[in-house]
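Note sheet for the following structure.
The values are calculated or read from the model by the stated rules, or taken from the named source; none is laboratory data. The model shown is predicted, which means the values in this text are computed figures rather than measured ones. When we count neighbours, we look across all protein chains shown, and the Cβ atoms used for this are built from the backbone with ideal geometry, even at glycine.
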Amino acid sequence: MLSFVLRRLLSSIPVLILVSLMTFALIWLVPGDPASVFLDASATPEQIENLRRQLGLDQPIWSQMLSWYERVLSGDLGQSILLRRSVADAILERLPITLSLAALALFFAVLFGILLGSLAAVNHQRWGDQSIMAIALLGLSIPDFWLGLVLIVVFAVQLGWLPSGGYVPITEDFVGWARSMALPAFTLTVTQIGFIARMTRSAMLDVLRQDYVRTADAKGLSHSFVVLRHALPNALVPILTVTGVIAGGLLGGAVVVEQVFFLPGLGRLIIGAILSRDFPVIQGGLLMLAVIYLVINLIVDLLYALIDPRVRYG
Amino acid sequence: MNARILQLALVGGLAASGLAVTANAQQGGDVVIAQTQAPPSLDAHVTSAQAARNVNLHIYETLFARDENAVPVPDLAESLEISEDGLTYVFQLREGVNFHDGTVMDAEDVVASLERYREIGASSTLLSAIDSIEATGDHEVTVTLSEVQSTFLDNLSSPRAPIAIYTAEQAALGANEVDYIGTGPFRFVEYQPDSFVRLERFDDYSVNPNYSERDGLAGAKEVSIDSVTFLFMPEAGSRVAALESGEAHVVETVDGPSAGRLAENDAYTVHNVLPFAFQVIKFNHAQAPTNDPEFRRAVMAALDMEEIMAISRPDIYQIDGGWLFPNSPFYNDAALDQYNVADLDAAREHLANSSYDGETLTFIVDNGRPNVDTATVVQQRLAQIGVDVELSVADWPTVSQIGFTPDGWHFWAHGFGIEPFEGPASVIAPWVDGVSMQADDPEINRLYQELTTAMDPDDRAAIFAEFQQHMYDDAVAIKAGNYGLFQVSADELENFVPYRIPRMWGVQLNQ
């Protein structure tokens, strides 16, 4: 197991190098730099050039690239051009917000997704199944930015129960944190439940047709025991796969939700950096996202072994 | 020295917004403003972004500032003497003005700040006429110009990238490295760059004793509230929701339908800030056929400005061809008979005499909805006279980089906001040396030179009328109209009067 983890970690290094090279290529291909964000439309080329010099943007791209790799190898992601702090600090400040949002959404999406998917499977081709699948399809089809705005109008503007946006750190006030996370996490959850519910239903239907399930039923075990003890554990592998994909997707979805709910998370940081061409933050942020994806994949692979005894890593 | 002495301190209060802080005003409260974008920097010298101005002009002050009618008046300066030859400016500074770090402003701070701006200022050309800056007393600064510049005070008081006065210690630091210490009525507390800025009332603020009322960016800046927080909310629906849920007191800009809905609610006041900017369509004079005045005239004759403005800036626009705002003393009607003719036959005639050969032309535009709408209307209109235009939409950094090069574009549409507010020289400046159209226009260069050296306001008005005539005769660029902003304030915020920035002095919060 340990050698498997080590091999996976080593194999992720070329992936990270590739991600950083592609990011540099994109930055080099896309015109514009932070000077245009500092200045208005009447700025003269001299003023732009002067500011570019002040901000250290007058170096050629290959020189910027070499010094970036040098710094990264010594554990330094560089300094943000606009944020007046190191890229690592900027990311670490925002990472807990994005991760807690994604984790909350994932937890509820998995919980309700598996529950609804299982219910649909055991009620196959009955009204319960069709209702659940219709709701799942609706959840999949609703754009998260639209749902977020509707929830704000209902729960923040009309009812006044929850804040319309903003973030309260959990270390300051747990209730405040829960209130600030409720609507964004619910928005993300609703749009992801459908995936898990549909996958669970399909996997459960496969398993429920297996001989061992029929045998368990024939032995006189209660059907709910059969479903929970025999069917569900065997349907978990494909559910786990789709959960891994969703975990990555949640980080992407969090970008939009963070924007709507005014949450200062990693997605908002990277979007802001792209729009203002804050190159070190784009580099560092995308590298961090790549690391998160790789870690999620690794965790999913390790969980396979945990839930399916047939899977062994040597 | 046979000097003209401007007893400028006496003018204080004359043109104020008319809302003095009364003795029984409500004290305290934390005001929240929801604005669209985050400031790229709180170092006032290095950015001319509107988002930065909104915040920075609460923290920092300038020697001269614009009053309610955009006229330069003293702010940190007490008075000014200008030599007869117009080359020497002697500023007497107000005494006892406190910085947020507890030090008291003196001439050395002013000299260091002006020198810093000349070196790294985002609009350093504002001070390009300066030959030397000297501290000639504890509270006296003498600025010598290398040539007469009639717009020097306009420049010095420009809010574009404000020539803020820092402590000498801070002024020695590089771009974006300062600690946000100014003399303004609010002091910096906290900045989460992609989230919010929080400022608190500066209790040791030295209110300008020469004024009795709020007056533009100058005047008596009496602060009643405890703090102001600027939230950066790019999502329009979220900004309105923050207002309606009571989490924000002012929204910098809302869309027309939301403004209409909020106007029906007694809890809010919708302010029509009109005019706030121009909608301008620029031509690339370095490329054919937009280098051909006949082709440009064809475009100008074809366009229906009502159509452009009604679609791109619905509900808050003015059909006005003047290259200044109508309330400017330099506003004139030169060549306005050529504005908004919307005559397709005349356009076809100009086109037939032009060098246009049926090629596809590129209209670059940033992804802001009004600019894309402008480009789309122009594209459809020009199709009716047989001109083929393709749109190239990208984000602002991309478009602004391409638009200042001679290749890759023929048309470019965006707003001009701060320039017409500042006055004639700022409106002409973007066209000097062909910066905005990528080819020199000697006539514009000459007019700019004449305007910036003409000391008589009547002469300047005549020169600006000549500029406007030239803009139309040669169709150098097209002004489609004026547009505004819908700003909304909650009614518990009293005495809020919109200006170029949402000022938080002179307001009270009923809690």
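Here are the numbers for this structure:
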item	result
Count of the stretch A:16-33 residues which are more than 14 Å from every other protein chain (Cβ to nearest Cβ) and loosely packed, with under 14 Cβ neighbours inside 10 Å	5
Selection within the stretch A:159-180 - without any contact (Cβ under 8 Å) to a residue 60 or more places away in the chain, at the interface with chain B (Cβ under 9 Å from one of its Cβ atoms) and of a type in the set (S, T, N, Q)	none
One residue from A:ALA109, A:ALA103, A:ALA120 being crowded, with 24+ Cβ neighbours inside 10 Å, under 14 Å from the mean Cα position of the chain (by Cα), part of a helix (DSSP H, G or I) and not basic (Lys, Arg)	A:ALA109
Hey, A:TRP146 within 12 Å of another protein chain (Cβ to nearest Cβ), without any contact (Cβ under 8 Å) to a residue 24 or more places away in the chain and either under 22 Å from the mean Cα position of the chain (by Cα) or over 23 Å from B:ALA34 (Cβ atoms) (or both) or not	yes
Selected residue (only one of A:SER11, A:SER67 is small (Gly, Ala, Ser) and within 29 Å of A:VAL300 (Cβ to Cβ))	A:SER11
Scope the stretch B:98-126; condition in a helix (DSSP H, G or I) and more than 14 Å from chain A (Cβ to nearest Cβ); matching residues	B:ALA107, B:GLU108, B:ASP109, B:VAL110, B:VAL111, B:ALA112, B:SER113, B:LEU114, B:GLU115
Of all residues making up the stretch B:44-87, the number that are within 12 Å of another protein chain (Cβ to nearest Cβ) and either part of a loop (DSSP other than H, G, I, E, B) or over 19 Å from B:ILE133 (Cα atoms) (or both)	9
B:SER41, sole failed condition from (1) within 14 Å of chain A (Cβ to nearest Cβ); (2) surrounded by fewer than 24 Cβ atoms within 10 Å (Cβ to Cβ); (3) assigned to a loop (DSSP other than H, G, I, E, B)	(2)
Criterion: within 29 Å of B:ILE428 (Cβ to Cβ), at pLDDT 95 or above and of a type outside the set (A, V, I, L, M, F, W, C) - qualifying residue of B:ASP106, B:ASP131, B:ASP101	B:ASP131
Wholly enclosed helices (runs of 4 or more DSSP H) of the stretch B:315-429 bearing at least 2 residues under 24 Å from B:ASP474 (Cβ atoms) and either at pLDDT 95 or above or in contact with an Asp or Glu (Cβ under 6 Å, 6 or more places away or on another chain) (or both)	B:344-352, B:369-383, B:424-428
Near pairs, Cβ below 8 angstrom, 6+ apart or cross-chain, from the stretch A:16-34 (within 21 Å of A:GLN54 (Cα to Cα)) to any residue that is at pLDDT below 80 and among the β-branched types (Val, Ile, Thr)	A:ILE27/A:ILE61; A:TRP28/A:ILE61
Qualifying positions in the stretch B:132-166 - farther than 23 Å from B:ASP85 by Cα and surrounded by fewer than 21 Cβ atoms within 10 Å (Cβ to Cβ)	B:ASP138, B:HIS139
Of all residues in the stretch A:251-297 being of a type in the set (Phe, Trp, Tyr) and crowded, with 19+ Cβ neighbours inside 10 Å, the one that is farthest from the other protein chains (Cβ to nearest Cβ)	A:PHE279
Yes/no for B:SER436 being crowded, with 24+ Cβ neighbours inside 10 Å, in contact with a strand residue (DSSP E or B) (Cβ under 9 Å, 6 or more places away or on another chain) and modelled with pLDDT under 90	no
Restricting the stretch B:316-330 to residues that are under 8 Å from B:ASN482 (Cβ atoms) and among the aromatic types (Phe, Trp, Tyr), the residue that is surrounded by the fewest Cβ atoms within 10 Å (Cβ to Cβ)	B:PHE325
2 or more residues closer than 30 Å to A:ALA273 by Cα and within 14 Å of chain A (Cβ to nearest Cβ): qualifying strands (runs of 3 or more DSSP E) within the stretch B:127-197	B:186-192
In the stretch B:323-349, the residues that are touching a Pro at 6+ places or on another chain (Cβ under 9 Å) and not aliphatic (A, V, I, L, M)	B:TRP323, B:PHE325, B:PRO326, B:ASN327, B:SER328, B:PRO329, B:PHE330
Top-ranked residue in the stretch B:228-253 [being buried (at least 24 other Cβ atoms within 10 Å of the Cβ) and acidic (Asp, Glu); ranked as nearest to the other protein chains (Cβ to nearest Cβ)]	B:GLU244
Among the residues listed as B:THR88, B:THR36, the single one being touching a residue at least 12 places away in the same chain (Cβ under 8 Å) and in contact with a helix residue (DSSP H, G or I) (Cβ under 8 Å, 6 or more places away or on another chain)	B:THR36
Residue tally, condition aliphatic (A, V, I, L, M), in contact (Cβ under 8 Å) with a residue 40 or more places away in the chain and in contact with a helix residue (DSSP H, G or I) (Cβ under 9 Å, 6 or more places away or on another chain), over the stretch B:430-478	9
The stretch A:73-91: number of residues that are within 14 Å of chain B (Cβ to nearest Cβ) and not acidic (Asp, Glu)	11
Criterion (in contact (Cβ under 8 Å) with a residue 12 or more places away in the chain, within 19 Å of the chain's Cα centre (by Cα) and closer than 21 Å to B:LEU173 by Cβ) met by exactly one of B:SER48, B:SER124	B:SER48
Those residues of the stretch A:140-194 which are of a type in the set (S, T, N, Q), surrounded by 19 or more Cβ atoms within 10 Å (Cβ to Cβ) and farther than 17 Å from A:LEU251 by Cβ, in sequence order	A:SER164, A:SER180
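Table: residues versus (1) aromatic (Phe, Trp, Tyr); (2) in a loop (DSSP other than H, G, I, E, B); (3) in the same structural domain as A:GLY139 (by TED's automatic domain parsing).
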position	(1), (2), (3)
A:TRP161	yes, yes, yes
A:VAL168	no, yes, yes
A:TRP177	yes, no, yes
A:THR187	no, no, yes
A:MET199	no, no, yes
A:MET204	no, no, yes
A:ALA216	no, no, yes
